[in-house]
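Have a look at this one before I ask anything.
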Amino acid sequence: MSKTCHPILEAGTRRQVSRVRLVALLAVFIAMLFSIPAVAQDVSLDAEVDRTTVKFGESLTLTLTLAQGISAGGGRQIVTPNVDSIPDFDIAGRRSEQNMSFINGVGQLQVRTSLELVPRGPGDFTIPAMGFKLPDGRSVSSKAIRVKVLPPEDEKAAGQGSAQPAAPEDDDTSRVANTGRMSLFKAFSMLLLITAAVICLPILLSWYMSRRSASPRTRTAAAISGDTGSAAVASDSTVVEDARIVAAARPSVETVDFEREVERLKIEYKEPTLEFYRVYFDIFHKALVSANPRMKPEQTPDELRLTAEEHFPPAVSSRMKPVVDEWEGVTYARMLPSRAFSALHDDARTIVRSLTPRQETQR
């Protein structure tokens, strides 16, 4: 009986020992798995910008996020993305931050690098894909990003991609209000101009016509007074003599040597400029007044011409008209004479020589 049970007990013992060995091997294998140093898992690199449309002169932020899964048992090696330059953009600033978290023994490490980019000019640009090599030899890369940079004066799409876009309704309302104010201002300005033209034009025409008609009335009054003086002369010889003396008397007028004054003027001005002609016609006016008492200092060039046509021979009046035309062009329109100075001076010199009392002819 005892001999029969012994082999059975020995076989059960062997099976139990085999089970213990199997469990021990499984435990050793599991322990070896947990004892392996932590290695990087699921490494990724993401790139994003805070907005894809900016105006020239503004900046945008590029954020690079390197995410790396790690286990809880081993050490870790932190890798920070390093970017030295980006085409078509200047790097105005940078900052980095790290964030690590563990859940059920599995952790994740995030290294975030933010770059402040300033575009170098307007246009459509592409931020290229960023690639980095990890310490274990692997490489990761991000995707490329397209960015539109608007010119400074183009504000139609400036709010696209912005963190705080402006309300379109407010823009439309302000635009309509500004347009209405500008239209009202233009209409008011045009109304003022039209009113001023309507009021001032008749006044200017009346003044011009009165100036034109003043000379004939003056000449008519002078003729009437001349006839009355002649009747008084016929009645009393003494009165005639006194009347002639009074008529001959005139305010002292400065005698002007026209030729000498013109020679001095030509020495002072090397070229016949507008100021030269202004002074020249001033000398000519004084010479006319000095040459004949019918020419008055207060008369305008056109009034002097009318006086010459009425009281002097046609040879003088015919030369007087072109000289007066050039005179008025210099005085009122500030234009240089169209004729050469030599021809103009020849007519003026002839007129001054002709307007002497002994050459005066009554019509």
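The values are calculated or read from the model by the stated rules, or taken from the named source; none is laboratory data. Just so we're clear, the structure is a prediction, and the values are computed from it rather than from any experiment. Using ideal geometry, Cβ is built from the backbone for each residue, glycine included, and neighbour counts are taken over all protein chains shown.
One line per residue, one yes/no per condition, for (1) modelled with pLDDT of 60 or more; (2) charged (D, E, K, R); (3) part of a helix (DSSP H, G or I); (4) surrounded by fewer than 13 Cβ atoms within 10 Å (Cβ to Cβ):
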residue: Pro251; (1), (2), (3), (4): no, no, no, yes
residue: Val262; (1), (2), (3), (4): yes, no, yes, no
residue: Ile267; (1), (2), (3), (4): yes, no, yes, yes
residue: Glu275; (1), (2), (3), (4): yes, yes, yes, yes
residue: Asp282; (1), (2), (3), (4): yes, yes, yes, no
residue: Ala287; (1), (2), (3), (4): yes, no, yes, no
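Now for a different question. Hey, among Ala340, Ala348, Ala333, which residue is surrounded by 17 or more Cβ atoms within 10 Å (Cβ to Cβ) and among the small types (Gly, Ala, Ser)?
Numbers: Ala340 fails: surrounded by 17 or more Cβ atoms within 10 Å (Cβ to Cβ); Ala333 fails: surrounded by 17 or more Cβ atoms within 10 Å (Cβ to Cβ).
The match here is Ala348.
Let me spell it out: the conditions are (1) farther than 13 Å from Phe284 by Cβ; (2) out of contact with any helix residue (DSSP H, G or I) (no Cβ under 7 Å at 6 or more places or on another chain), and Phe341 meets all of them except one. Which number is the exception?
(1)
In the stretch 50-150, which strands (runs of 3 or more DSSP E) lie fully inside it and hold 1 or more residues that are at pLDDT below 80?
Details: elements: 53-55, 60-71, 89-103, 106-119, 123-127, 131-133, 139-141, 145-150.
Once the strands (runs of 3 or more DSSP E) in the stretch 50-150 are filtered for at least 1 residues that are at pLDDT below 80, what remains is 60-71, 89-103, 106-119, 131-133.
If you don't mind, another one. Listed residues Pro314, Pro297, Pro322, Pro301; which is over 50 Å from the mean Cα position of the chain (by Cα), in contact (Cβ under 8 Å) with a residue 12 or more places away in the chain and at negative phi?
Values: Pro314 fails: in contact (Cβ under 8 Å) with a residue 12 or more places away in the chain; Pro322 fails: over 50 Å from the mean Cα position of the chain (by Cα); Pro301 fails: over 50 Å from the mean Cα position of the chain (by Cα).
Of the residues listed, the single one that is over 50 Å from the mean Cα position of the chain (by Cα), in contact (Cβ under 8 Å) with a residue 12 or more places away in the chain and at negative phi is Pro297.
Okay, next question. Can you tell me which residue within the stretch 38-49, out of those that are modelled with pLDDT under 85 and among the hydrophobic types (A, V, I, L, M, F, W, C), is nearest to Leu64 (Cα to Cα)?
That would be Val43.
Also: Any chance the stretch 19-28 includes a residue that's of a type outside the set (A, V, I, L, M, F, W, C), at pLDDT 75 or above and in the same structural domain as Asn104 (by TED's automatic domain parsing)? Break it down into steps so the answer makes sense when it comes.
First pass over the stretch 19-28, keeping only residues of a type outside the set (A, V, I, L, M, F, W, C): 19, 21.
Subset that is at pLDDT 75 or above: 19, 21.
From the residues that got through so far, the ones that are in the same structural domain as Asn104 (by TED's automatic domain parsing) too are none.
No: the stretch 19-28 contains no residue that is of a type outside the set (A, V, I, L, M, F, W, C), at pLDDT 75 or above and in the same structural domain as Asn104 (by TED's automatic domain parsing).
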